1. Evaluate the following for residue 249: is it within 30 Å of residue 93 (Cα to Cα), at pLDDT 90 or above and not assigned by TED's automatic domain parsing to the domain that holds residue 362?
2. Show the residue pairs meeting these rules: Cβ distance below 6 Å; 6+ apart or different chains; first residue within region 148-161 and free of Cβ contacts under 8 Å to residues at least 60 places away in the same chain; second residue part of a helix (DSSP H, G or I).
3. Return the pairs, sorted by first residue and then second, in which the second residue is modelled with pLDDT under 80 and surrounded by 12 or more Cβ atoms within 10 Å (Cβ to Cβ), the first residue lies in region 9-20 and is within 18 Å of residue 209 (Cβ to Cβ), the beta carbons are less than 8 Å apart, and the residues are 6+ apart or on different chains.
4. Inside region 71-178, counting only helices (runs of 4 or more DSSP H) that do not spill past its ends, which hold 3 or more residues that are touching a strand residue (DSSP E or B) at 6+ places or on another chain (Cβ under 8 Å) and not assigned by TED's automatic domain parsing to the domain that holds residue 231?
5. Of all residues in region 302-329, which are part of a loop (DSSP other than H, G, I, E, B) and in contact with a helix residue (DSSP H, G or I) (Cβ under 9 Å, 6 or more places away or on another chain)?
6. Which numbered condition trips up residue 265, out of (1) in a helix (DSSP H, G or I); (2) farther than 23 Å from residue 219 by Cβ?
7. Between 100, 110, which is touching a helix residue (DSSP H, G or I) at 6+ places or on another chain (Cβ under 7 Å) and modelled with pLDDT of 90 or more?
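The values are calculated or read from the model by the stated rules, or taken from the named source; none is laboratory data. Keep in mind it's a predicted model, so treat the numbers as computed, not measured. Methodologically, a virtual Cβ is constructed for each residue, glycine included, from the backbone with ideal geometry; neighbour enumeration extends over all protein chains shown.
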């Protein structure tokens, strides 16, 4: 088995397709280093200015004469005015006093005010003029964590720790497609090495297990190495940042704040289970479709189904289709996009694990049946 694993590692490393895929990630990580300062990603001054502009447009959209004569007709008007006042105070704290602690305190009050406004019926108002409830909930937890930990809010994303979080989050949106491209020929390429593979004293189930180990370990090592090098490289243009800086995730109990270090660890854990699931899914598709391109097409269709039907078909919450972006699940973005409160981190790991087990059982039955047929044909020929 050890010799076969070594053979599979050599195949994996020598595959030009795999090299190009990992090169693409390296280029993405380098490009992100320039993109963050150029686009001023997570810049709180720009955020404040944009929100101030939006809330002023919201105020001007109300018919003032009706509001003055019949205030009860627009119960959220007072909330919009309060929101405008608080954002203005944030601007003053940031621009004139450079007081980031005051900015955080006002931000917490602002987020809580928005949550209360949503309870009054913000959703009936023009959606272009209000911050969504989920964002308000996240910001409330985020600002509260900053105050509790006595930490200063980051002005932008130009710190290595935040860069790492952003790169992991951005890559996760294409992670499933990346893994499909990587594993689209996981079994079909054995045809090109049939003679060599048959020389190893192992059965089809053992070969599949060996491939799973090779693809899992090699992918994790290479990805971790690339993101680790990118983090080290980001220390040149950016500040180091803090691994204790709070990040907001979504769990069974709702939104909660964890440290950057915990966020990265949980990202690695859920990504590991996700890789196992996707490798086995590709093996299933390869086994029955017997074509790498059909495997890519069928796998990609799952992603399309998740965007088109996850809101309408709640049954998809029990399949991996609603969990094809693992970091979006971790942060609660998937729950928000698909309007399914059950899409949480712990449930995602359970779903990945259960379906991986189902794939393994199907493949084991298939290979066992294929082995029995092959044995019977040989005995019949004799």
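1. Working: within 30 Å of residue 93 (Cα to Cα): yes; at pLDDT 90 or above: yes; not assigned by TED's automatic domain parsing to the domain that holds residue 362: no.
So residue 249 does not fit the description; no.
2. Short answer, once both residue conditions are applied: 152/100.
3. 11/189; 11/193
4. Numbers: elements: 77-95, 100-120, 133-148, 160-172.
It comes to 133-148.
5. Looking only at region 302-329, we keep the residues that are part of a loop (DSSP other than H, G, I, E, B), and these are 310-313, 319, 324-325.
Of everything in region 302-329, those that are part of a loop (DSSP other than H, G, I, E, B) and in contact with a helix residue (DSSP H, G or I) (Cβ under 9 Å, 6 or more places away or on another chain) turn out to be 310, 311, 313, 319, 324, 325.
6. Against the list (1) in a helix (DSSP H, G or I); (2) farther than 23 Å from residue 219 by Cβ, residue 265 comes up short only on (2).
7. Numbers: 100 fails: touching a helix residue (DSSP H, G or I) at 6+ places or on another chain (Cβ under 7 Å).
Every option except 110 fails the conditions.
Yes or no, residue by residue, for (1) closer than 30 Å to residue 182 by Cβ; (2) surrounded by fewer than 16 Cβ atoms within 10 Å (Cβ to Cβ):
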{"residue": "24", "(1), (2)": "yes, yes"}
{"residue": "31", "(1), (2)": "yes, yes"}
{"residue": "35", "(1), (2)": "yes, yes"}
{"residue": "41", "(1), (2)": "yes, no"}
{"residue": "50", "(1), (2)": "no, yes"}
{"residue": "93", "(1), (2)": "no, no"}
{"residue": "102", "(1), (2)": "no, yes"}
{"residue": "107", "(1), (2)": "no, no"}
{"residue": "110", "(1), (2)": "no, no"}
